[in-house]
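Report on one structure; see the data block that follows.
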Amino acid sequence: MPSTSSPNPIVPTGCSKCPAGYASPDVVENDRTRCVGCISGTYSNHEGLTGLAECSKCLPGKYSFVTGAATESVCSKCSPGMSPNYPVFAPFVAQKLTLTMFCFCFFFFFFFFIPFFLFYLLSSYPFNTGKFSERVGNADGCNPCPSGYLQSEEGMTSCALPKPGQVVLSGANAVDVPDGSFLDGCNESNSACSNFTQCPAGWVGAHPPTHECTACGKGQTSSKGAPEDGGCRICAKGKFSENIGAASCKDCLANTNTYQPQDVTASSVCDVCPLGWNQLEGGASFCVDQKGVKPSDCGESEYWVPDKEKDKAGCLACPPGCVVSAVNILVLCSSLLLTSLFLSFSLSFSFSFSPSLPLFCYRSGYCKGPIDAAGVRSLFGWSRCSSAALDFERCVFGAACNGAPNPALMGKFKMESDTDPATLNQNASCSAAYKNQSFLCGACADGFSLSGLCVLMLFVLYSSFLVCRLIFFPLTFVL
């Protein structure tokens, strides 16, 4: 078998032909500094070959492992049952194409593959968190989520609403809104919000937070940022709040004789001190005892006054209502009128006369219970002439004036329900058939009218009586 030894490459001095079995390499242009032996499976018996391609190939059925062979004798026949292994020619191809392929691959990788791959990553898929794209073949980048919406995953085609009680501060993250706050920066439907704010004092936040706060009720308040559960607190003793959503409770006013004694239930007003007690300071939770007679010390026919004797409290008798006979007044008025005219015009001198008639007094005020003058009420059939004075006048028609029970008129009137109105305990007012605010309830209400000659004569008689009385016996009336 031929030798497989390979001679060393020949490096010529000066310019000379490559010897047999060698050739000048042709992989790089103008590289003629050395000679390279013919590769395995080839040979050359000529000098001056300009490339490995000019080396002769072993004939079919033969092979050679020798490089730089100068004769065909290095090609040996294949053994029986064997055939040449032609891939031994591959080193020749590799040497010829290595540099060209490297340059091509380098150029393609850096100038085509890498830019295209980066563009695909940044512009198409995956999308950044907080952004989305709903278009196919998108080359314009991702869209940021609308305000109040989020997308925490990459590569999504839409954004979503946060959970109830959350706001989106950026397109990728949602935060829980603390209790005592309300959602802010919301869209028109309040479905997506981008901010939150603490509820102001006097208001509380819902759980989970919504886009509005709830006002504390009257008699309550709260601190800023208070939650719905236990956020509203009742005003302390000596304080009150008259409006809903009050930022703070107010002190009971000074010099108003008021106080607020508890902090268990909501207080929208301060209480007035009981009769016989007072409080001049503001924000008080108690009243001061005046150490004198109290309304509870007065009898059923008496009422309490704070200054009966030089700033000393005491009790006074319930005031009566006094009248004179209408017939006697008419007779006396006629006589006095004729006498005054005769003396004034016939005798030519002035005449002054102050008549005095006996009064008929009846019980007309109702004083039961611990009351002062403001608590005195008129009896049924009577009317209080003035709210400032305790003067009472008998009504033109007894049944016209409602009031407290009046024993003197019991059994004289009856309602449609067979109830005796004189036995009822009512506040002063005109009955249904008579007009309220009319003088002594003497005017009929709408839909009612006087009827009967007797009633008409009684009305004329009583009207004359009132005119005469006002002339000669003036009293104070409030119409």
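Since every read-out is calculated from the coordinates, none of them should be taken as a lab result. None of the values given here were measured: they were computed from a predicted structure. Reconstructed Cβ throughout: ideal geometry from the backbone, glycine too, with neighbour counts over all protein chains shown.
Please list, in chain and number order, the residues 5+ apart from E212 or on another chain whose amide H is under 5 Å from its amide H, with Hs placed from the backbone.
L183
Going 7 Å from the Cα of S429 along its beta-carbon direction, which residues of the stretch 389-419 have the amide nitrogen within less than 12 Å of the resulting point?
Label zone hits: 402-403.
Per 0.36 nm of contour for each residue apart, how much would the distance between N195 and S56 grow if the chain were fully extended, relative to their Cα-Cα spacing?
Length difference between fully extended and current span is 41.5 nm.
Residues with beta-carbon under 13 Å from that of H46, excluding H46: net charge, scoring Lys, Arg +1 and Asp, Glu -1?
-2
Amide H of L253: which non-local residues (sequence gap of 5 or more, or other chain) have their own amide H closer than 5 Å, using H built in the peptide plane?
G283
Could you list K163, K239, K250, K412 in order of exposure, starting from the residue whose Cβ has the fewest other Cβ atoms within 10 Å?
K163, K412, K250, K239
Which lysines, if any, have their Cα less than 27 Å from the Cα of K412, not counting same-chain residues under 8 positions apart?
K368, K435
Calculate the length of the line joining the C-alpha centroid of the stretch 292-318 to that of the stretch 198-237, in whole Å.
For the stretch 292-318 versus the stretch 198-237, the Cα centre distance is 47 Å.
By how many nm would the segment from E242 to K17 grow when fully extended, if each residue of separation counts as 0.36 nm and the alpha-carbon distance is taken off?
Computed gain between E242 and K17 is 68.9 nm.
Enumerate by residue number the GluC sites (Glu not before Pro) in the stretch 232-326 meeting two conditions: DSSP loop (anything except H, G, I, E, B), and at most 16 other Cβ atoms within 10 Å of the site's Cβ.
Of the GluC sites (Glu not before Pro), the ones in loops of the stretch 232-326 whose Cβ has at most 16 other Cβ atoms within 10 Å are E242, E281, E300.
Would you mind checking which residues have amide H under 5 Å from Q166's amide H? H placed 1.01 Å from N; only 5 or more apart, or other chain.
V177
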